[in-house]
Amino acid sequence: MQLTMTVNGEEVTAEIEGRLLLVHFLRDHLALTGTHWGCDTSNCGACAVWLDGEPVKSCTVLTAMAAGHEVRTVEGLEQFGELDAIQRGFMECHGLQCGFCTPGMLMTARALLDLNPSPSEQEIREAISGQICRCTGYATIVRSVQWAAAEEAGARTSIIDAGTP
Amino acid sequence: MSTEFVDNDRKPVGYGRMLRKEDPRFVRGKGRFIDDVQLPGMLHLALLRAPIAHGRILGVDTTAAEAHPKVKLVVTGAMLAERGLAWMPTMSGDVQAVLATDKVRFQGQEVAFVVAEDRYAARDALELIDVEYEQLPAVANVRTALDPAAPVIRDDLAGKTDNHCFDWETGDRAATEAAFADADVVVSQDMVYPRVHPAPLETCGAVADYDAVDGGLTLWCTTQAPHAHRTLYALVSGLPEHMIRVISPDIGGGFGNKVPIYPGYVCAIVASLLTGEPVKWTEDRSENLTSTAFARDYIMHGELAATRDGRILAIRTRVLADHGAFNGVAAPTNYPAGFFGVFTGSYDIRAAYCAMTAVYTNKAPGGVAYSCSFRITEAVYLIERLVDCLAFELELDPVELRLANLLRPEQFPYTTRTGWVYDSGNYEATLREALRIADYDGLRREQRDKRARGELMGIGVSFFTEAVGAGPRRDMDIMGLGMADGAELRVHPTGKAVLRVSCQTQGQGHETTFAQIVAEEIGIPPADIKVVHGDTDQTPFGLGTYGSRSTSVSGAAAAMVARKVRDKARLIASAMLEISVADLVWDKGSFAVVGDPTSCVTIQDIAMHAHGTGELPDGVEGSLEAQVHYNPENLTYPNGAYICVVDVDPDTAVVTVRRFVAVDDCGTRINPMIIEGQVHRGLTDGVGMALMEMIAFDDDGNCLSGSLMDYLLPSALEVPDWQTGFTVTPSPHHPIGAKGVGESATVGSPPAVVNAVMDALKPYGLRHADMPLTPSRLWEAMRGNPQPPV
């Protein structure tokens, strides 16, 4: 079947098998290998991407279901050569070790901060509870998200100070 | 040796907190993991696995699969047998089937493979292979594996008439029996360390690319030991070793799961040889959980002998070890039970004895994995649970009992009754630091108040000593390969450097830590040092990353090679400054004339001179580079004290880990941020193993834990915010005093969690219940019916 969708802001048209999973479409067809494949059962969250701004687990989403919709992956977080605050937070607070869960964690955490700019520790833990990390023990991931929240709060304050609406 | 640097700002080159060099690629999704490798013309391999645990193969019909339009190749065990490749050696002197020929011996065993144009087609074709089995009774219960009536699993071994794998013993049996006979008190306890699985988030896989023109094989592979794998492939396949290049790209977690050679790797190589195309194999989660290296699976009977006032005299234990269908333990040859021999723990014990029997069962092979430091997880769990059982019987505080028996600083180096030479430690100070951070007395007061209100709060303590950094090549090898590691350092003319090491990072941050080690030694900033690893064509020989051996062996090699470069730099500096070597003083990357700090040359000046046209001292060649091969004289012995605080819901038996304090002594600390991260990971493992994780089987040998819906791993909601602390007792024989820390918390934390739960349930009169302490299992225990999980 032929379909069209938007991936990281660019329109993509492809001819695919109807059963193709979104994670494999992104990885094998578009070479966006930042999205990882970890468990097949929606448990680990390594494959989390955004579908119309909502995190979904792309190992259990058919590519066809994304037709006509907007997909964003970890490769789309960096804008104009600037890392997103959540990416910097993970580096600053040692929120990653092997890096395999990181793209899914980043997408979920970014979505959380968009909804809730100053989440509590418990809110962060609940938001990432659908993601497994085998390396960090989660505490540094929580700190990374808090770092990004504080960074953005600071940035907003300075924009306001400068008189920007 | 002073080693404490809170922040790298205080010491701009060398040790201290420093952000990781690896991270910029990972936060952009630009890591390169095995499944990210794409080569032109690459084909995809899928493995057909046994649906039953034990059965004779009567026939395999591949006709329909071969007719699939996208299928390029179908291979069975019989076809591999024709090439002499149906069996391969394991790392423990046993053999394992690459593809089954006669029988299948565990559910999930490899039976055939398909190579197709894409991964979906390869899976489709597996469905078209028809295998006829004669089902045989399975040995799923390790306790009955040696019954005379049990079916013999390994009838491939000549003359094999039972399921016995090996016997092993250590210690002095007679002395131990004498100590037990004299003791006031003896506590004995059966305990099970269940089968668990490392479950790295990235599963195993390989891409094999054989070039028929030059006869070279390039294998991208999820391996923690690329050099050892290359040699083993050469020995088994007959391919010349210099034509095999093993590349271990970014690894999405290993934890010992990626040490063995799996049939899938061999099949990918065979497939590339036969098709002439690159072939990728990536296993799915179920394949990873059901067929690759499990961990633990020890059934232990432990006994402590003590005086009435709490002086521990002796320990003895019998162990029944489940090794699965093939003995696939990846441990040094002379250590079939790994380093379980350190089961005397951190205490001054006068006599010790262990007798172990290992058996075959119809389960997946493995045994040494999941950050166990070669079975020290099991050893520490045994002694730390026994000490709590003794405290229970003597009605002593478990901390007081430990303090009365811990080894004292002046006893180091200390030789245990089982022959291990502990290098250094200050155990009491370490335990007291944990008590201070946790406010142990305050916790006990809180517990008393809560008990009075009927609430179940528990405080669990553990103290562990690890033996890591295998190892001295005089008695440690893997399949004949001595466990020493190389390192090579090149300083380029402009003073930037490249360090090449044989070990392989799986998230531990070697690219950062190893650059810091070199920076500390030669004063080149870590940012100017690239660490190359994970490619056998680009790095010197060494045995890889497992058993917390990277810093303790390869890290030592990195320091030694940097010192060798510095020694050469000193000679060149003396020529540049026209002064004798004895009149030079080294400080932060430069050599200066004694008493005249303005007359100096930096390591960067020296590097340019070494590569330039200037005069060099007699006998000194140009360039600034060196290579070493480091053979450790002893293991290093990191240790630590852990305190866990839990609440148990009396109505549901749900355990909540509320606090966890971990104080680790890993000797010299290179990057505290990375050390803390390593500790956090292991603590999470400990909570998972103690409360959730187990690879279970039914009576027919069907694996009941083949997905992450059934094999539960901790999420962010099951673990607390960790509190860490440290003491620093450098290793006296390690070049920089570092001991290794990657597995400490996985080793030390499970008994702390279980001790805490048992402490919470003291009002129930319960002394022991086995892991995993799931609500249903704990509920039964609280009602007076604790059951072993196997």
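The values are calculated or read from the model by the stated rules, or taken from the named source; none is laboratory data. Since the structure is predicted, the reported quantities are computational estimates derived from the model, not experimental observations. Backbone-built Cβ (ideal geometry, glycine too); neighbour counts: all protein chains shown. When the accessible area is computed, the model is the full protein with side chains, heavy atoms only, and any ligands, DNA or RNA have been set aside. Shrake-Rupley method; radii C 1.70, N 1.55, O 1.52, S 1.80 Å.
Every condition in (1) closer than 30 Å to B:Thr90 by Cβ; (2) within 21 Å of the chain's Cα centre (by Cα); (3) in contact (Cβ under 8 Å) with a residue 40 or more places away in the chain is met by B:Gly338 except one, and the failing one is (3). Candidates are the residues of the stretch A:115-155 that are assigned to a loop (DSSP other than H, G, I, E, B) and among the small types (Gly, Ala, Ser); the one that is farthest from the other protein chains (Cβ to nearest Cβ) is A:Ser118. With respect to the conditions (1) crowded, with 24+ Cβ neighbours inside 10 Å; (2) of a type in the set (S, T, N, Q); (3) more than 26 Å from B:Asp322 (Cα to Cα); (4) out of contact with any strand residue (DSSP E or B) (no Cβ under 9 Å at 6 or more places or on another chain), B:Ser715 lacks only one, and its number is (1).
Restricted to the stretch B:95-134, and to residues there that are over 33 Å from the mean Cα position of the chain (by Cα) and part of a strand (DSSP E or B), the residue that is surrounded by the most Cβ atoms within 10 Å (Cβ to Cβ) is B:Ala116.
Residue count for the stretch B:395-425, restricted to those that are of a type in the set (S, T, N, Q) and in contact with a Pro (Cβ under 7 Å, 6 or more places away or on another chain): 1.
If you check B:Arg32, B:Arg56, B:Arg25, which single one turns out to be open to solvent by 60 Å² or more (accessible area, probe 1.4 Å), assigned to a helix (DSSP H, G or I) and modelled with pLDDT of 95 or more?
One residue alone meets the criteria, B:Arg25.
Does the stretch B:279-296 include one or more residues that are surrounded by 23 or more Cβ atoms within 10 Å (Cβ to Cβ), assigned to a strand (DSSP E or B), of a type in the set (Val, Ile, Thr) and within 14 Å of chain A (Cβ to nearest Cβ)? Yes, the stretch B:279-296 contains at least one residue that is surrounded by 23 or more Cβ atoms within 10 Å (Cβ to Cβ), assigned to a strand (DSSP E or B), of a type in the set (Val, Ile, Thr) and within 14 Å of chain A (Cβ to nearest Cβ). The single condition among (1) surrounded by fewer than 21 Cβ atoms within 10 Å (Cβ to Cβ); (2) more than 28 Å from B:Gly252 (Cα to Cα) that A:Met5 does not meet is (1).
Residue pairs whose Cβ atoms lie under 9 Å apart, separated by 6 or more positions or on different chains, with the first residue in the stretch B:15-30 and under 21 Å from B:Gly523 (Cβ atoms) and outside the structural domain of B:Asn671 (by TED's automatic domain parsing) and the second among the hydroxyl-bearing types (Ser, Thr, Tyr) and part of a loop (DSSP other than H, G, I, E, B), are B:Tyr15/B:Thr3; B:Tyr15/B:Thr668. Among the residues of the stretch B:488-532, the ones that are in contact with a Phe, Trp or Tyr (Cβ under 8 Å, 6 or more places away or on another chain), open to solvent by 20 Å² or more (accessible area, probe 1.4 Å) and closer than 27 Å to B:Ala234 by Cα come to 0 in all. For the stretch A:37-61, taking the residues that are part of a strand (DSSP E or B) and not basic (Lys, Arg), the one that is most open to solvent (accessible area, probe 1.4 Å) is identified as A:Glu54.
Taken together, the residues in the stretch B:218-243 that are crowded, with 22+ Cβ neighbours inside 10 Å and part of a strand (DSSP E or B) amount to 3.
One residue is enough: does the stretch B:273-280 have a residue meeting the conditions outside the structural domain of B:His533 (by TED's automatic domain parsing) and without any contact (Cβ under 8 Å) to a residue 12 or more places away in the chain?
no
Sort through A:Ala14, A:Ala64 and tell me the only one that's surrounded by fewer than 23 Cβ atoms within 10 Å (Cβ to Cβ), under 26 Å from B:Ser707 (Cα atoms) and not assigned by TED's automatic domain parsing to the domain that holds A:Ala150. I'd like the intermediate steps shown before the answer.
Values: A:Ala14 fails: under 26 Å from B:Ser707 (Cα atoms).
Going through A:Ala14, A:Ala64 in turn, just one is surrounded by fewer than 23 Cβ atoms within 10 Å (Cβ to Cβ), under 26 Å from B:Ser707 (Cα atoms) and not assigned by TED's automatic domain parsing to the domain that holds A:Ala150: A:Ala64.
Counting only strands (runs of 3 or more DSSP E) that fall entirely inside the stretch B:422-539 and contain at least 1 residues that are farther than 30 Å from B:Pro24 by Cβ, the qualifying elements are B:456-465.
For (1) part of a loop (DSSP other than H, G, I, E, B); (2) of a type in the set (A, V, I, L, M, F, W, C); (3) at pLDDT 95 or above, each residue gets a yes or a no:
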position: B:Ala756; (1), (2), (3): no, yes, yes
position: B:Met771; (1), (2), (3): yes, yes, yes
position: B:Ala781; (1), (2), (3): no, yes, yes
position: B:Pro789; (1), (2), (3): yes, no, yes
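Note on the stretch A:67-76: among residues that are outside any loop (DSSP other than H, G, I, E, B) and away from every other protein chain (no Cβ under 13 Å), the one that is least open to solvent (accessible area, probe 1.4 Å) is A:Val71. Considering (1) surrounded by 22 or more Cβ atoms within 10 Å (Cβ to Cβ); (2) of a type outside the set (Val, Ile, Thr); (3) more than 14 Å from chain A (Cβ to nearest Cβ); (4) under 32 Å from the mean Cα position of the chain (by Cα), say which one B:Ala65 fails and leave the rest. Here B:Ala65 clears every test but (4).
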